[in-house]
Amino acid sequence: VGEEVGRDRFIRWLSEAGYERVDVVWAPGQFVVRGGIVDLFDPGLRHPLRVEFFDETVESMRAFSPENQRSL
């Protein structure tokens, strides 16, 4: 949080790393982009992550439930 990562660069990295772009994240190895929000499910994590960008900077990161899309 607070790091200037670059949303487009991050999305490109996810694609190159083998993540599958989908409409709704529900399984490991998937990601979705909705404006300044990138949801991803890292296979090494128990829950998917929601990364919110403000321009090129990560504004927040939090785990969420894939069943109801609510923050944990």
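The values are calculated or read from the model by the stated rules, or taken from the named source; none is laboratory data. Only a predicted model underlies this, so the values are computations on that prediction, with no experimental measurement involved. In this analysis, Cβ positions are derived from the backbone assuming ideal geometry, glycine residues included, and neighbour counts consider all displayed protein chains. Heads up: the accessible areas ignore ligands, DNA and RNA and are worked out on the full protein's heavy atoms, side chains in. Shrake-Rupley method; radii C 1.70, N 1.55, O 1.52, S 1.80 Å.
Mean sequence separation of contacting Cα pairs (under 8 Å, at least six apart), scaled by the length of the chain, corresponds to a relative contact order of 28 percent. As an equivalent ellipsoid, the chain spans semi-axes of 18, 14, 10 angstrom, where each value is the square root of five times an eigenvalue of the C-alpha gyration tensor, largest first. Kindly state, to the nearest 0.05, the FRET efficiency for residue 11 paired with residue 45, given R0 = 22 Å and r defined as their beta-carbon distance. Taking R0 as 22 Å, the efficiency between residue 11 and residue 45 is 0.75. DSSP beta bridges confined to the chain are antiparallel in about 90 percent of cases. Label reach from residue 56 (point 7 Å along Cα→C-beta): in the stretch 1-33, amide nitrogens under 13 Å belong to 3-10.
The stretch 3-40 and the stretch 44-72 have Cα centres separated by 11 Å. The chymotrypsin sites (Phe, Trp or Tyr not before Pro) found in the stretch 1-42 that occupy coil by DSSP, while having at most 15 further C-beta atoms within 10 Å, are 26.
Mind checking the per residue accessible area of the chain for me, 1.4 Å probe, whole number of Å²?
65 Å²
Positive contributions from Lys and Arg (+1) and negative ones from Asp and Glu (-1), summed over other residues with Cβ under 15 Å from the Cβ of residue 55, come out at -4.
Using a cut-off of 15 Å between beta-carbons, work out the net charge of the residues near residue 2 (Lys and Arg +1, Asp and Glu -1, residue 2 not included).
Residues near residue 2 contribute -4 overall.
When the GluC sites (Glu not before Pro) in the stretch 28-72 are filtered for DSSP coil states and for at most 11 other beta-carbon atoms within 10 Å of their beta-carbon, the remaining sites are 67.
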